[in-house]
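Everything on this sheet refers to the single structure shown next.
The values are calculated or read from the model by the stated rules, or taken from the named source; none is laboratory data. The model shown is predicted, which means the values in this text are computed figures rather than measured ones. Positions of Cβ are generated from backbone atoms using ideal geometry, with glycine treated the same way; all protein chains shown enter the neighbour counts. SASA here: full protein model, heavy atoms, side chains in, ligands and nucleic acids out. Shrake-Rupley method; radii C 1.70, N 1.55, O 1.52, S 1.80 Å.
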Amino acid sequence: MRQSSQLLLTFLLNAFWQVALITAFAALGSWLLRNSSVRYRHCVWATALCLAFFVPAFTSWRMVLDSTPQTIPAVTFVAESAAPLSQETAPGLSVPTISLPPAFELNQTVAFVLFAIYFAFVVYSISKLTKAWLTTRNIRRRASEIEPNDSVAEVIQRCELEFGTRHVRLFRSETLPVPVTAGIFQPVIILPEALLRDGNVDLLTSAIGHEFIHVARRDYVLNLIYELLFIPISFHPAAALLRRRVRETRELCCDELVAERILNAEVYARSLVTLASPAPSLHRLSVTTTVGIADADILEARIMSLLKKPDFHTRWKRSLLIVVALLLLVPCVAAVAFAMRFDVQTNAQEPTTQEKERREKETLETKRRDGSGEEFKVRVSTDPRVREEIERKERVEVEMREVRQAALVRLAKINMDQAIQIATSQQPGKVLLCSLEATHWEAPGKLANDGVVFYHVMIANEGEVGAAHIWVNAVDGTIIKTEKELPRKREP
C-alpha cells in the first residue's frame, strides 16, 4: 500500500512538468513542419500524447523501484551493548555505489487532497468515455444496413481501389446528422438518411471517401487507444491540448488524402461546408468514441488547409523530420535526468528521539525495581507460582529471540563483515557495534511484506566526539540511512 501510494504520488507530481515539457517540444516540432504535409504533424502530436503517459509512468516506476530500500520507517537502536568489532573484512567484496534520487516528503493531508482531486478527474474521464461508448453502441444498433444504389456503389468501388480497403459495410441512420465510422474489428460507415435521400454525388463522394480513409488508417482503434492513454493524465491541461491537436490533425490528414485521390480540393471544400454544418449535434452525442467528418471544430482551418498547397523541398523535409524526431527525445531525456521522488510523511519518530525515550524508560524502570526489589525477591522466594511464571516468561522470551535470530540469519544475503566494510567505506572509524535487526514482524520468525532486514553499525568518529550510526540493507547491501550522534552537553 505504501509503495503504491508513493508510485502514484511520484507519477502525479512528475507528470505536472513532464507533460508540459513534452507538449512544448511537440508544439515546436509542429511549427517547424507547418509547411509540410499534415500527416507529419499528426504523427508528432500522436507521439507526444503517447509520451505524455509513458514517460511519467516509466520514470516514476523506475525511481520507486530503485529507491525501495530507502522508504522503510525509522529503526530503533539496540538495547544491548557489544564489544568493538574488528574492521577487517572479507577480501574481494565490491562496495556498491549508492546513487539516490532526490526525495521530497509531502504532508499526509496535502497528499490526500492531491489523490482525491486526481481520482475525481480519472473517474470523470472514465464515466465520460463509458457514456460515449454506450451512445455509440446505441447509434450502431439503431442503424440499418443499406443496399448501395448505382451512384453509391460507384463511389465505394472507387474508394476501395484507391485505399485498398475491402468489404466495408454501409449503414444508414435517421438520428445522425453527419457521417461517422465505428467498430474495432469490423469498422462500418454510418451515413445520414438525409444525405442518401439527397443523392448529391459530390456530397456522397466526399462523405464516403473521408470515412473510407478513416477505415484505411484504422483511426477508430487508434482513437480509442489515445482516449485510454488520456485518462491517467486527464488532470493536465497540456494533455487536453495534445488530445485536441491529435483530433484536428487527424481530420486534416483525411481531408488532404481526399483532395489528393478522390475529389478536386475546391469541390471537396464546398462539400465539407455542407456536411460539417450539423456537427454540433454529433459533438453532443459521442465525439470521443467515433471518428467522422465533423470530429474537430475547425471548419475554417480545414478549408484553408485544403486551398493551401504544401510547398516544401524534399531534402529540407527529411532534415526537418530528423530534427523534430530529435526534439521529441529531449523531454524524454530530461524526464529521466531530472525526475524527482515523492513520498508521504509518516509519523515515525527519528532514531535519536526513540533512543532518548528508551533510555528514559530504562531509568524509570531501574528506579522502580530498586524501590521494590526486596519485596519482589521475598515474593519469589516464598510463592512458587510467581517463581514459575517468571521462569516461563524467561523461556518464552529466549525462544522468541532464537526464532527471530534464525529468521534474520536466513533472510540476510550479506554477512556482518561485508556490512561493516560497506559502512566503513561511507564513514571511516572504529566499529563500536554491529547488530542484525529487522522492522515489521508479522509473527515470530516471519517478516511482514513491508519489513526490512538490516545491519545497524555504530562507528566512532575519527578525531571527533560522538559516533555515526549507519543502517545497511542486509539483502542488497545498500545504505538505508546514516546519522551522526552528537555528544551530550553536560548539565552544570
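Can you give me the distance in nm between label points at ARG169 and VAL221, each placed 7 Å from the Cα along the Cα-to-Cβ direction?
About 1.8 nm separates the two model spin labels.
Of all accessible surface on the stretch 378-449 at a 1.4 Å probe, what whole percent is carbon and sulfur?
51 percent
Order these peptides, 321-333, 248-260, 213-225, by their mean beta-carbon neighbour count within 10 angstrom, highest first.
248-260, 213-225, 321-333
Taking the Cα atoms of the stretch 218-275, report the difference between the largest and smallest coordinate on each principal axis, in whole Å and largest first.
Largest first, the stretch 218-275 extends 42, 22, 17 Å along its Cα principal axes.
DSSP beta bridges in the stretch 156-232, what fraction antiparallel, as a percent rounded to 5?
Here the antiparallel bridges make up roughly 40 percent for the stretch 156-232.
Just add up the charged neighbours of LEU408: K/R +1, D/E -1, any other residue whose Cβ is under 12 Å from the Cβ of LEU408.
Summing Lys/Arg as +1 and Asp/Glu as -1 gives +3.
So how do HIS440, HIS210 rank on accessible area, 1.4 Å probe, biggest first, that is with the largest at the start?
Ranked from most to least accessible, the order is HIS440, HIS210.
Count the net charge of all other residues whose Cβ sits under 11 Å from the Cβ of ALA153, scoring Lys and Arg as +1 and Asp and Glu as -1.
Cβ neighbours under 11 Å give a net charge of -3.
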